[in-house]
Amino acid sequence: MSRIKIPLPEKKDFSTEIKLRISDINYGGHMGNDAVLTIVHEARLRFLNHFHLSETNFYGQGLLMTDSAVVYKKQVFYGDKLTIDITVTELSKYGFELVYLILNIDKKEVSRVKTGLVCYDYSKKEIVPLPNLFREKFC
């Protein structure tokens with residue numbers, strides 16, 4: 001069985017902490033697989049907000065997620081505090097990737113996630129080029 005591999009970048013561009021909510025917990029008593037994407041979504045919004053951006057106002061346009069990949073490493077439980085490190089990678093003509101490293105309180109790896117994002121003009125309903133202002137920050 002082949003496994004998804006998400007290489008860890010050498011740097012991080014942003015870090016935030018999120019405490020697990022009861023809605024993040026599944027019937028097995030640990031964080032559900034579906035909760036990981038919700039957690040990185042919250043972390044991504046915080047990352048964008050840190051740079052005075054949002055998914056609906058990304059230098060005057062929007063962002064769409066085109067793909068995601070998750071690798072699970074360790075269980076975590078209700079009330080656990082997680083650290084999410086985010087790195088911008090793979091800048092292209094129309095978008096970029098974000099790599100998320102999720103760590104528990106002991107700094108042990110819980111999960112790795114990668115999301116692909118493209119710039120999108122909601123009024124024209126089409127992808128548009130990645131703004132140079134963003135590219136210059138993360139090249």
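The values are calculated or read from the model by the stated rules, or taken from the named source; none is laboratory data. Since the structure is predicted, the reported quantities are computational estimates derived from the model, not experimental observations. Don't worry about glycine lacking a Cβ; one is built from the backbone with ideal geometry, like all the others, and counts go over all protein chains shown.
Do we find that VAL76 is modelled with pLDDT of 95 or more, more than 14 Å from the chain's Cα centre (by Cα) and surrounded by 20 or more Cβ atoms within 10 Å (Cβ to Cβ) in this structure?
Against the criterion (modelled with pLDDT of 95 or more, more than 14 Å from the chain's Cα centre (by Cα) and surrounded by 20 or more Cβ atoms within 10 Å (Cβ to Cβ)), VAL76 qualifies.
Do we find that ILE86 is crowded, with 20+ Cβ neighbours inside 10 Å and farther than 26 Å from LEU130 by Cα in this structure?
no
Quickly run through the range 8-52 and pick out the residues that are more than 14 Å from the chain's Cα centre (by Cα), assigned to a loop (DSSP other than H, G, I, E, B) and either at pLDDT 95 or above or not hydroxyl-bearing (Ser, Thr, Tyr) (or both).
Passing the criteria: GLU10, LYS11, LEU20, ARG21, ASN26, GLY28, GLY29, HIS30, GLY32, PHE51, HIS52.
For the range 53-99, which residues satisfy the criterion of being part of a loop (DSSP other than H, G, I, E, B), under 19 Å from GLY116 (Cβ atoms) and out of contact with any helix residue (DSSP H, G or I) (no Cβ under 9 Å at 6 or more places or on another chain)?
THR56, GLU90, SER92, LYS93, TYR94
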